[in-house]
1. Calculate the translational D of the stretch 66-111 in whole µm² s⁻¹ from Stokes-Einstein, where the hydrodynamic radius comes from the Kirkwood formula applied to all Cα pairs, the temperature is 25 °C and the viscosity 0.890 mPa s.
2. From the alpha carbon gyration tensor of the stretch 213-351, can you work out the equivalent ellipsoid semi-axes (sqrt of 5 times each eigenvalue) and give them in Å, largest to smallest?
3. Sorted by packing (mean other beta-carbon atoms within 10 Å per residue), highest first, where do 179-189, 269-279, 87-97 land?
4. Based on Cα positions only, what radius of gyration and what Dmax would you give for the stretch 182-254, in angstroms?
5. Tell me, what is the Rg over Rh of the stretch 245-310, with Rh the Kirkwood radius over Cα pairs?
6. Can you give me the % of accessible surface on the stretch 29-139 that is carbon or sulfur? Probe 1.4 Å, all protein chains present, nothing else counted.
7. Tell me, in nm to one decimal, what length is gained between S221 and T347 on full extension, where the rule is 0.36 nm per residue of separation less the Cα-Cα distance?
8. Calculate the dipole size of the chain relative to its Cα centre from +1 charges on Lys and Arg beta carbons and -1 charges on Asp and Glu beta carbons; express the result in debye to the nearest 20.
Amino acid sequence: MRKAPPLVAVVLLLVAALVVPMQPPRPAREMCVQDIVQARAVAGLANFSAWLRRNHASGFIGEMGWPADRDAAQWSGVAEAWYDAADIVGLPVTAWAAGAWPANYPMAVYRPVALGQHLDVDVAGPQAKVVESHGTTPRYLRGVNLAAGSFAASDSNGGFGTANPGRYGHDYTYETPESYRFLASRGIHLVRLAVNWERLQPRPFGPLDQVEVERVRQALSHAQAAGLKVIVDLHNYGDYADGGGDTGHLRMLRLGEDALPTTALADFWQRMSPVADNPAVVGLGLLNEPTRLAADGRAGALIWERAAQQSVDALRRIGDRRAILVSGYVPMGPPSWGQMHPVAWITDPANNVAYESHAYFDHDGSGKYWMSYSDELRSVTWPHPALCQRLTPMTRQVLNA
């Protein structure tokens, strides 16, 4: 009979299985850019990566995007410089955005040739050239956001709510098998797939809607068949639209108040984890941009830190050991990262968490790009960011290929 290994050996093997492999240290590099808007974008990444290194943490850029209409060439130059910096640091990125966007949406990296009955994503926008030239490597995964599963939700449709979840295929949708195959053919390896809390769970702490569950499962199967990896992104902002539609009664519940305690998010993810039990799913995004909470400022940040930790705990209790993506509280852009979260706050027994930031290059980081590029240059405050930045590669990453 084979002798059982000593207890110490068993413990060491378990620890080795849980710890995310450390990448060999890479030397810091100096990177120089052409103007102060590019410098502002690169300096933001340097700030975010420095916070990650100080906290021995992993990072992820869940959204970054730029317009392809006014001043498109200048913004593409910023994006190229920004991606060069992200390559040096070694950050995974999903660009904003792909999916069922109309032809006049200026930030569509990939979209259908025309909306209507035809929803296959089959056209590459001008941004695609930059995105595709900074693709996945063995160090990190790269890809795009698929946001159509969050369309017509509470941030854009006042009648939306649990009593009016929207009409599937008309108000919102998930991408077709042909869309996933098209993305894969363009070298995309990762999609951040938006889902909506109210559609999936029509009552906090209640069961999931099985019709919507099957739609999500089907979308994950399409991604898997195309060879793509997926992050399931709960694309809410911290509030929950209760009611709406013909009821005439719409209550906006905010995470952290009595009607929507922080444990409601943990309950959602305990129920959602089995739905996302597909080999394509490499990560779970707890909550997109948690800005609409029961308090503002540092009090809001503490609500979010508690909610995120409770959700991580809930997922690990049921045995889900996949990567968990934890957004920052506003402001969450790379230039301001750390203002609300001086230190990393998640304790994870699986050591498989990445902190998520969203990067837009306009002056307020909103992604609205309402100022001209010339005005953006004038808006950069003194002291100007240096045109040459020192960037240090990450030594730890959970979303590697």
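1. Working: Rh = 11.6 Å.
Here the translational diffusion coefficient equals 211 µm²/s.
2. On the way: eigenvalues 123, 89, 40 Å².
For the stretch 213-351, the semi-axes come out at 25, 21, 14 Å.
3. Numbers: 179-189: 20.4, 269-279: 16.7, 87-97: 25.0.
Ranking, from highest mean packing down: 87-97, 179-189, 269-279.
4. According to the Cα coordinates of the stretch 182-254, Rg and Dmax are 15.4, 46 Å.
5. Working: Rg = 14.1 Å, Rh = 13.5 Å.
For the stretch 245-310, the value is 1.05.
6. 52
7. Details: separation 126, 0.36 × 126 = 45.36 nm, distance 3.14 nm.
Stretched fully, the S221-T347 segment lengthens by 42.2 nm.
8. Details: 35 positive and 38 negative charges, 306 e Å.
Charge dipole of the chain: 1460 debye, to the nearest 20.
The values are calculated or read from the model by the stated rules, or taken from the named source; none is laboratory data. The model shown is predicted, which means the values in this text are computed figures rather than measured ones. Virtual Cβ from ideal backbone geometry, glycine too; neighbours counted across all protein chains shown. These area figures cover heavy atoms from the full protein model, side chains too; ligands, DNA and RNA do not enter into them. Shrake-Rupley method; radii C 1.70, N 1.55, O 1.52, S 1.80 Å.
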